[in-house]
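Each remark here refers to the structure printed beneath this line.
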Amino acid sequence: MSNEQRRQAVLPFLEQVSDITKQGIDRQALANIAALLDALAERQDLFNLANFPAPVAGSGSAATRYRLNDDGDDAPTLYLNAMLPGRKTIPHNHETWAVIAAVQGQELNRVYRRLDDRSDPQRATLELEKEVTVEPRTPIAFLGDDIHSIQVDGEQATLHFHLYGRPLEPLEGRYGIEADGRILNYNASQMAPSTPAYVR
């Protein structure tokens with residue numbers, strides 16, 4: 001399938017997302033966006049591991065993040081994450097809203113609530129709130145302050161759409177929490193560069 005066909009799928013999707021966000025972002029708006037992203041994820045003829053491969057096992061990387069659009073630092077930005085089994089992250093926020101939907105494979109999301117009063121900028125206390133397995137037809141959505149971690153188990157690589165209210169690269173307020181409660185700058189310490197795969 002050609003990049004033009006992907007563009008014809010992604011552009012109307014992003015326009016629909018933009019129409020929703022103009023009314024403001026809340027949980028219901030995110031649910032509406034999640035339904036749209038889940039429908040886009042069904043287009044496995046356009047989005048698949050053959051065209052967006054995961055890293056080679058043993059290469060030193062467990063994930064490749066493909067960035068599909070660049071509409072400026074304040075626009076919704078769509079990525080495809082191809083991940084190998086064993087890939088996981090520490091708990092982190094996004095600073096902006098986020099929606100994840102599966103093209104193929106399962107991604108375990110652990111969602112946390114923060115218990116501390118945030119008076120110490122270097123430490124946080126978390127409590128596990130719930131676990132959600134993101135797989136085809138089971139998306140998940142987050143507001144900017146929500147905290148989650150991801151983990152890929154099993155034997156097969158996964159391919160998931162990650163849509164954010166703003167591109168990840170310039171965000172400065174993303175933080176991660178280590179197991180001992182230490183807070184890290186997430187982008188600086190945890191995030192590898194994205195791979196451009198623009199459809200527009």
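The values are calculated or read from the model by the stated rules, or taken from the named source; none is laboratory data. Please read these numbers as outputs of a predicted model, since none were measured by experiment. Heads up, the Cβs are rebuilt from the backbone with ideal geometry, glycines too, and the neighbour counts pull from every protein chain shown. Just so you know, the surface numbers come from the protein's heavy atoms only, side chains and all, with ligands and any DNA or RNA stripped out. Shrake-Rupley method; radii C 1.70, N 1.55, O 1.52, S 1.80 Å.
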### Query
Which of the residues spanning the stretch 9-28 are in contact (Cβ under 8 Å) with a residue 12 or more places away in the chain, assigned to a helix (DSSP H, G or I), open to solvent by 30 Å² or more (accessible area, probe 1.4 Å) and of a type outside the set (G, A, S)?
L11, Q16, I20, T21, R27
#### Entry: Matching residues, the stretch 131-162, being open to solvent by 80 Å² or more (accessible area, probe 1.4 Å) and modelled with pLDDT of 95 or more
E131, R137, D145
### Task
Look through D180, D153 and report the one residue that is in a loop (DSSP other than H, G, I, E, B), within 19 Å of V111 (Cβ to Cβ) and of a type in the set (D, E, K, R).
D153
### Query
When you go through D38, D73 one by one, which is the residue that is assigned to a loop (DSSP other than H, G, I, E, B) and in contact with a Pro (Cβ under 8 Å, 6 or more places away or on another chain)?
D73
### Query
Do we find that V99 is touching a helix residue (DSSP H, G or I) at 6+ places or on another chain (Cβ under 9 Å), hydrophobic (A, V, I, L, M, F, W, C), part of a strand (DSSP E or B) and over 22 Å from T21 (Cβ atoms) in this structure?
no
### Query
Is one or more of the residues making up the stretch 108-121 closer than 27 Å to A29 by Cβ, open to solvent by less than 20 Å² (accessible area, probe 1.4 Å), within 16 Å of the chain's Cα centre (by Cα) and aliphatic (A, V, I, L, M)?
yes
### Query
A192 passes all but one of (1) within 24 Å of R67 (Cβ to Cβ); (2) among the aliphatic types (A, V, I, L, M); (3) surrounded by 13 or more Cβ atoms within 10 Å (Cβ to Cβ); (4) in contact with a strand residue (DSSP E or B) (Cβ under 8 Å, 6 or more places away or on another chain); which number fails?
(3)
### Task
Find the residue count for the stretch 127-150, including only residues that are in a loop (DSSP other than H, G, I, E, B) and within 19 Å of Q44 (Cβ to Cβ).
3
### Task
Report the residue count in the stretch 76-95 for those that are of a type in the set (S, T, N, Q), in a loop (DSSP other than H, G, I, E, B) and crowded, with 21+ Cβ neighbours inside 10 Å.
1
### Task
Could you please let me know if N51 is open to solvent by 30 Å² or more (accessible area, probe 1.4 Å), assigned to a helix (DSSP H, G or I) and in contact with a helix residue (DSSP H, G or I) (Cβ under 9 Å, 6 or more places away or on another chain)?
no
### Message
Out of the residues in the stretch 156-168 meeting the condition of being assigned to a strand (DSSP E or B) and out of contact with any His (no Cβ under 9 Å at 6 or more places or on another chain), tell me which one is farthest from G86 (Cα to Cα).
### Response
L163
#### Entry: Meets criteria (more than 16 Å from G173 (Cα to Cα), open to solvent by less than 40 Å² (accessible area, probe 1.4 Å) and modelled with pLDDT of 95 or more) for L128
no
